[in-house]
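The values are calculated or read from the model by the stated rules, or taken from the named source; none is laboratory data. In this text the structure is predicted, and so the values were computed from the model without any measurement. Don't worry about glycine lacking a Cβ; one is built from the backbone with ideal geometry, like all the others, and counts go over all protein chains shown. When the accessible area is computed, the model is the full protein with side chains, heavy atoms only, and any ligands, DNA or RNA have been set aside. Shrake-Rupley method; radii C 1.70, N 1.55, O 1.52, S 1.80 Å.
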Amino acid sequence: MYCHKACAITLSITLTKASSMTKAILKSCLKHDFYENNKLRLSEELFSSEHKEIFNIIDDAHSKTTQDITTSDILNVWESKHPVATEYQKEDFRTALKLIYKSEDVNDDIAKDVITELWKQNWARQGAEILLRISEGNQNAEQEFEEHLIKKDLGFSPDDFEDCFVTKDIEELLKLTSDENRFKFNIHSLSNIVYGIGKKEFGCFFAVPEVGKTAFIASLCVAPGGFVHQGAKVLILVNEEDGGRTMLRSMQALTKTGKDEVRENLPKIKEEFDKIESKFEIANVGSFEFSKIEAIIASRKPDLVCIDQADKVHLRGSYNASHEKLRALYTSFRELAKRQDIALLVVSQASSEAQYKTKLTPFDMENSKIGKAAEVDLLIGISKHPQSQNEDPDYTRFLSVCKNKLSGVHSTAVCFLNHEISTYED
């Protein structure tokens, strides 16, 4: 008995709060600017039966004027539509208007959020009703559900699109394309071809195994003149080898310390690393799906992100072939760079045909069929001289800039991998 009373009291309080917020929203809708900014999400379905008619009058009034609406305007319209209304009906309507007028003013942003939530709940409820009809065998309901999904995409307010429009300020436009707003590559022969990479830009480098992809990352990020030394906050996401190895190689590149010299130089390494520690992080993301990759990036707020390796990031959905899925993944990476306002560099594999080439093209990417390359702003293939097992190792490396929307130059930079300290040098 007590439980039923408690539930009834809770429900009564909830309904009272909802009714109070509905009145506050209707009061906000009297303002023309507020109504215009939220009208795509507003409909009579969001309101209780006693408030539907009031909303419809407000809706009609705003279509005829650019001025704010008053409760007196609403009353006049209502009376003109109900010329034979009884005094009791008139008093009921006046009371409803007074309660709206006396309701507490709500911040426009809060009112907008409430409208959004009410719209989502109403959309979900309607969708559930359509799905129920589908389960009952109503064939027409399937097309109705398709249209209902489109309706969700249309349920935005004008404010939601403000960030989509491009600035017309020519100085801002010049900044967007200027090298001054890019992080410079610290390999001189490469930076002569393409200066570097900036925020909202997406680059990829690819190579066959054992060429030095991880060393390339470490060298660009933390070797002298690297991204962190230019002020960038760098995040490396690792899903192939353990991130601890990448961190150790980065420490070697930072301090130019060989593998055999690390232990005897621990104080020096710690001292140097302390200077960049706040700007440099590495995380293991081996089983992460794409949305989780974006979540960890959003949580750390870096300026530049490296993903080693990109092709191993999980992406939901069904695809007819692996190259179709990879293109969709790279499209997602491109949009990720824009949404999170980061410079994004990812690592990919070269195909077996690239094994003995010193100049690579987009066709040398593994599982590509040009799809992956089509989505990037910058594509660099890393290769080396072919050599036999009897020859001494040749650490000459060729950086083939084979797609370049940043500077437009396509050429090959020649440099050397210092494998002892994980750096690329001219």
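Residues of region 220-243 that are open to solvent by less than 10 Å² (accessible area, probe 1.4 Å) and not in a loop (DSSP other than H, G, I, E, B): LEU220, CYS221, VAL222, PHE227, VAL228, VAL234, LEU235, ILE236, LEU237, VAL238, GLY243.
Condition first: touching a Pro at 6+ places or on another chain (Cβ under 9 Å), loosely packed, with under 15 Cβ neighbours inside 10 Å and either within 24 Å of ALA283 (Cα to Cα) or not charged (D, E, K, R) (or both). Can you find one or more residues in region 332-352 that meet it? Checked region 332-352: no residue is touching a Pro at 6+ places or on another chain (Cβ under 9 Å), loosely packed, with under 15 Cβ neighbours inside 10 Å and either within 24 Å of ALA283 (Cα to Cα) or not charged (D, E, K, R) (or both). Residue check: LYS403 meets all listed conditions (1) charged (D, E, K, R); (2) modelled with pLDDT under 95; (3) closer than 24 Å to ASP303 by Cα; (4) in contact with a helix residue (DSSP H, G or I) (Cβ under 8 Å, 6 or more places away or on another chain) but one, namely (2).
With respect to ILE217, is the statement that it is among the hydrophobic types (A, V, I, L, M, F, W, C) and either over 23 Å from ALA337 (Cβ atoms) or assigned to a loop (DSSP other than H, G, I, E, B) (or both) true? So ILE217 does not fit the description; no. Give the residues of region 88-109 that are surrounded by fewer than 13 Cβ atoms within 10 Å (Cβ to Cβ) and under 19 Å from HIS32 (Cβ atoms), sorted by residue number. Selection gives ASP105, ASN107, ASP109. Is one or more of the residues making up region 200-214 in contact with a Leu (Cβ under 9 Å, 6 or more places away or on another chain), of a type outside the set (A, V, I, L, M, F, W, C) and on the phi > 0 side of the Ramachandran plot? There is at least one residue in region 200-214 that is in contact with a Leu (Cβ under 9 Å, 6 or more places away or on another chain), of a type outside the set (A, V, I, L, M, F, W, C) and on the phi > 0 side of the Ramachandran plot. Considered as a group, the residues in region 353-375 that are among the small types (Gly, Ala, Ser) and more than 18 Å from GLY212 (Cβ to Cβ) include one that is surrounded by the fewest Cβ atoms within 10 Å (Cβ to Cβ), and that residue is ALA374. Of the residues screened, GLU201 is not one that is over 26 Å from ARG327 (Cβ atoms), of a type in the set (D, E, K, R) and either within 27 Å of the chain's Cα centre (by Cα) or surrounded by fewer than 19 Cβ atoms within 10 Å (Cβ to Cβ) (or both). When the criteria are applied in full, LYS403 meets the requirement of being over 26 Å from LYS259 (Cβ atoms), in contact with a Pro (Cβ under 8 Å, 6 or more places away or on another chain) and not β-branched (Val, Ile, Thr). Take GLU210 and decide whether it is within 18 Å of ALA283 (Cα to Cα), open to solvent by 10 Å² or more (accessible area, probe 1.4 Å) and at pLDDT below 95. No; evaluated as a whole, the condition is false for this residue. Please verify whether region 181-196 includes one or more residues that are open to solvent by 10 Å² or more (accessible area, probe 1.4 Å) and without any contact (Cβ under 8 Å) to a residue 40 or more places away in the chain. Looking for residues that are open to solvent by 10 Å² or more (accessible area, probe 1.4 Å) and without any contact (Cβ under 8 Å) to a residue 40 or more places away in the chain, one finds at least one in region 181-196, hence yes. As a summary of the residue check, LYS256 satisfies the conditions (1) open to solvent by 40 Å² or more (accessible area, probe 1.4 Å); (2) touching a residue at least 60 places away in the same chain (Cβ under 8 Å); (3) within 30 Å of PRO362 (Cα to Cα) except for the one numbered (3).
Note on region 259-287: residues that are open to solvent by less than 40 Å² (accessible area, probe 1.4 Å) and either acidic (Asp, Glu) or in contact with a strand residue (DSSP E or B) (Cβ under 7 Å, 6 or more places away or on another chain) (or both) amount to 4. The set of residues in region 373-426 being at positive phi and free of Cβ contacts under 8 Å to residues at least 12 places away in the same chain consists of GLY408 alone.
Residues of region 151-174 include at least one that is surrounded by 10 or more Cβ atoms within 10 Å (Cβ to Cβ), in contact with a Ser or Thr (Cβ under 9 Å, 6 or more places away or on another chain) and at pLDDT below 75.
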